[in-house]
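Written out below as structure tokens is the structure these notes cover.
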Amino acid sequence: QVRLVESGGGSVQAGGSLSLSCAPSGSISGIQTMGWYRQAPGKQRELVATITRGGNTKYADSVKGRFTISRDNAKNTLYLQMNSLKPEDSAVYYCNTDTSRYSWGQGTQVTVSS
């Protein structure tokens, strides 16, 4: 079973940047589509960005133009570069496949203050 380990969260002011990483315990190179999700208190978990094995990306409208998802299959790592952060981006961020195939990791907290 693949274990998902997210890192890189923290506290920043609005307009700041953070870079998240996801290092699964098993290989993701064979996984067609990986994604980043987030869950704010009292809200449903939402998918914010996906990337295919070939590098095609999709974003939720709320993060389009500010977030960039990438993957390095050789390093078996998924990334999320977050720029121009807003308070509404505050949430716990998780990685998984686009179908939530694996058990959820502990996530990484992102807090954006105004």
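The values are calculated or read from the model by the stated rules, or taken from the named source; none is laboratory data. All of these numbers come straight from a predicted model, not from anything done at the bench. Don't worry about glycine lacking a Cβ; one is built from the backbone with ideal geometry, like all the others, and counts go over all protein chains shown. Each accessible area value is taken on the protein alone, full model and side chains, heavy atoms only, with ligands, DNA and RNA left out. Shrake-Rupley method; radii C 1.70, N 1.55, O 1.52, S 1.80 Å.
Can you pull out every residue in the range 69-114 that is charged (D, E, K, R), in a strand (DSSP E or B) and open to solvent by 50 Å² or more (accessible area, probe 1.4 Å)? Working first, answer last.
Of the range 69-114, the ones charged (D, E, K, R) are 71-72, 75, 86, 88-89, 98, 101.
Subsequent filtering for residues that are in a strand (DSSP E or B) retains 71-72.
Matches in the range 69-114: none.
Of the set (1) open to solvent by 20 Å² or more (accessible area, probe 1.4 Å); (2) in contact with a Leu (Cβ under 6 Å, 6 or more places away or on another chain), all apply to S19 but (2).
In this entry, R66 passes the filter for residues that are open to solvent by less than 70 Å² (accessible area, probe 1.4 Å) and touching a helix residue (DSSP H, G or I) at 6+ places or on another chain (Cβ under 9 Å). For the condition of a type in the set (S, T, N, Q) and more than 9 Å from the chain's Cα centre (by Cα), N96 does not qualify. Do we find a residue being in a loop (DSSP other than H, G, I, E, B), at negative phi, open to solvent by less than 60 Å² (accessible area, probe 1.4 Å) and touching a residue at least 60 places away in the same chain (Cβ under 8 Å) anywhere in the range 43-61? No; the residues of the range 43-61 include none that is in a loop (DSSP other than H, G, I, E, B), at negative phi, open to solvent by less than 60 Å² (accessible area, probe 1.4 Å) and touching a residue at least 60 places away in the same chain (Cβ under 8 Å).
Quick check on G35: is it in contact with an Asp or Glu (Cβ under 8 Å, 6 or more places away or on another chain), small (G, A, S) and closer than 28 Å to S113 by Cβ? Spelling it out, G35 is indeed in contact with an Asp or Glu (Cβ under 8 Å, 6 or more places away or on another chain), small (G, A, S) and closer than 28 Å to S113 by Cβ.
Can you find even one residue in the range 64-71 that is in contact with a strand residue (DSSP E or B) (Cβ under 8 Å, 6 or more places away or on another chain) and in contact (Cβ under 8 Å) with a residue 40 or more places away in the chain? Yes, the range 64-71 has at least one match.
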